[in-house]
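Some notes on the structure that comes next.
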Amino acid sequence: MAEPKTKYDRQLRIWGEQGQTALEKASICLLNCGPTGSETLKNLVLGGVGSITVIDGSKVELGDLGNNFMVDESSVGKSKAKCVCQFLQELNDAVKAKFIEEYPEALIETNPSFFSQFTLVVATQLVEDSMVKLDRICREANVILVLARSYGLTGLVRISLKEHTVIESKPEHFLDDLRLNNPWPELRGLAETIDLDVTDPVAHKHMPYVLILVKMAEEWSKSHDGKLPSTREEKKEFKEHIKARMTALDEDNYKEAIEASFKVFAPRGISSDLQQLIGDRFVEVDSSSSDFWVMVAALKEFIENEGGGEAPLEGSIPDMTSSTEHYVCLQKLYQAKAEADFLVIEQRVRTILKRIGRDPNSISKTTIKSFCKNARKLKVCRYRLVEDEFNSPVLPELQKCLTDEDYSVAGGFYILLRAVDRFAANYNSFPGQFDGVMDEDISRLKTTAVGLLNDLGCNGVTLTEDLINEMCRFGAAELHAVAAFIGGIASQEVIKLITRQFVPLSGTFIFNGIDHKSQLLSL
């Protein structure tokens, strides 16, 4: 067997050893192992989750060979859970795999405590009633639930848990934490040592842009009542001042300074998102508070005291045109400030832990250091109960989804995915599932959808005839291409949730295979 570091080399570069360790400790339960469930679990097994349990009471039929690559002709008539489990085990022998030949709906009804043993449950192809019951069970047991469903050319993914906190949110675009608009004394002191009018052309073109901007911002501030450029004209003038200091056309450091000047114009202090976070009611911590909220409480104290309105410094600087001497000096300065901020927050964390009656060393240095480094990017996701969304969705948002041209197909599919469950409850089959009754099923589904819309307070809103016809034409089929896509999205979200890295979906994800679009509905 390959060494884990070699085996998982590519993904370790994305979520690191800490993320991989979390995956390897995770216990995943899959409900229904049709193509949607199998594709989801395949991605997680290849990723190296600790253990999987496959729950499915059905036998492999001939029809399964056309849309599920994890069964073959020799599987027909055998337990689907067993066949899929064996196939998945072959993909990664480091993953512990077992199966239970039982229908998920029966397990939800008769043995709800069964689910409490898992880190996360992936429930695929469940109808509305079972989704609601399972969601309640998982909430009470503090187990993460991911719902996934593919239906013809559409599908959905929905996450459900009380709260999910993320330290390493890893946003694609985020402003470097250079503090150019609010330098601390040591940075300001270093900037004062450089001479922008130095006559040596080599020295002039190798001053790092960070020091150029800090020095010029200081000069501007002194001549403008302590204020930095704020209006369009002032920002333009500031850039002209930088340009005027250039002595040659090939001075890349000054070009970098002009391009990065917007970092000087950025407002001082913390973002509105971080302000909202430190104002959250969970910041009032007690012995039952999570480590995350204890650290946020320490962060709040830091911002209000030692930080002077700023979050702890991240401590890294980007590449830039600079002499080696200047760059190394600057790098050490940022690292020293980040370390000093970390030590203050660490002490505050220990003090808070002691105050609430917990072991002061129960949160590791590594965790606190990661928290400090990512303090500006913290995220908290909270999810409504599935039952609450189904019974009382956010009406303005739902109406927008159904009437806005950009959202109407996704909104229509959302309603129809729910309407087909009502249809099945009333007529013991899904619309279009059997030949010869298509026209009758279309009429029934339309009536069912109108009834659902009225129940949700969307009186007068109608769905297009084409969409209703398409939903009946799907006949509840799981197409492999759609199942693979939905499975890919679901497994991606599972990895985010388990590693606590990146920000998971915050609403109901709807895939529209007709127009090749996907949208997130916040209902």
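Brief remarks on what is shown
- Every listed requirement among (1) modelled with pLDDT of 95 or more; (2) touching a helix residue (DSSP H, G or I) at 6+ places or on another chain (Cβ under 9 Å) is met by E493 save one, (2).
- Looking only at the range 274-285, and only at residues there that are outside any loop (DSSP other than H, G, I, E, B) and over 30 Å from E233 (Cβ atoms), the one that is most open to solvent (accessible area, probe 1.4 Å): R281
- Qualifying residue in the range 342-357 (condition: of a type in the set (S, T, Y) and under 14 Å from E301 (Cβ atoms)): yes
- Qualifying positions in the range 117-137 - among the hydroxyl-bearing types (S, T, Y) and either free of Cβ contacts under 8 Å to residues at least 60 places away in the same chain or open to solvent by 10 Å² or more (accessible area, probe 1.4 Å) (or both): T119, S130
- Some residue of the range 246-254 being among the β-branched types (V, I, T), part of a helix (DSSP H, G or I) and closer than 18 Å to S323 by Cβ: no
- Top-ranked residue of the range 25-83 - restricted to ones that are surrounded by fewer than 21 Cβ atoms within 10 Å (Cβ to Cβ) and among the basic types (K, R), ranked as farthest from G487 (Cα to Cα): K78
- In a residue-by-residue description of the range 259-269, the property of being open to solvent by less than 70 Å² (accessible area, probe 1.4 Å) and farther than 28 Å from K300 by Cα applies to at least one position.
- Among residues of the range 176-190 being free of Cβ contacts under 8 Å to residues at least 40 places away in the same chain and surrounded by fewer than 19 Cβ atoms within 10 Å (Cβ to Cβ), the one that is farthest from K227 (Cα to Cα) is G189.
- Checked against the criteria, T448 counts as open to solvent by less than 30 Å² (accessible area, probe 1.4 Å), β-branched (V, I, T) and under 17 Å from L402 (Cα atoms).
- Residue match in the range 503-521 (condition: in contact with a strand residue (DSSP E or B) (Cβ under 6 Å, 6 or more places away or on another chain), open to solvent by 70 Å² or more (accessible area, probe 1.4 Å) and touching a residue at least 24 places away in the same chain (Cβ under 8 Å)): yes
- Among residues of the range 106-152, those that are in a strand (DSSP E or B) and closer than 25 Å to P431 by Cβ, counted: 7
- Residue, nearest to the chain's Cα centre (by Cα), within the range 362-402, restricted to residues that are open to solvent by 50 Å² or more (accessible area, probe 1.4 Å) and basic (K, R): K379
- Taking each residue of the range 435-450 that is within 28 Å of Q399 (Cα to Cα) and without any contact (Cβ under 8 Å) to a residue 60 or more places away in the chain and looking for partners that are open to solvent by less than 70 Å² (accessible area, probe 1.4 Å) and of a type in the set (S, T, N, Q) with beta-carbon atoms closer than 7 Å, six or more apart or interchain, yields I442/N469.
- Being farther than 28 Å from F509 by Cα and surrounded by 15 or more Cβ atoms within 10 Å (Cβ to Cβ) is not true of F114.
- Within the range 234-258, considering residues that are touching a His at 6+ places or on another chain (Cβ under 9 Å) and acidic (D, E), the one most open to solvent (accessible area, probe 1.4 Å): E234
- T499 being in contact with a Gly (Cβ under 9 Å, 6 or more places away or on another chain), farther than 24 Å from L126 by Cβ and at pLDDT below 95: no
- In the range 453-485, of all residues being aliphatic (A, V, I, L, M) and open to solvent by 70 Å² or more (accessible area, probe 1.4 Å), the one that is nearest to the chain's Cα centre (by Cα) corresponds to A481.
- Taken as a whole, the condition of being open to solvent by 30 Å² or more (accessible area, probe 1.4 Å), within 30 Å of Q18 (Cα to Cα) and either outside any loop (DSSP other than H, G, I, E, B) or without any contact (Cβ under 8 Å) to a residue 24 or more places away in the chain (or both) applies to H173.
The values are calculated or read from the model by the stated rules, or taken from the named source; none is laboratory data. Predicted model, so just to flag it, every value in this text is computed and none were measured. A quick note on method: Cβ atoms are made from the backbone with ideal geometry, for glycine too, and the neighbour counts reach across all protein chains shown. Note: accessible area is taken over every heavy atom of the protein model, side chains too, but ligands, DNA and RNA are not part of it. Shrake-Rupley method; radii C 1.70, N 1.55, O 1.52, S 1.80 Å.
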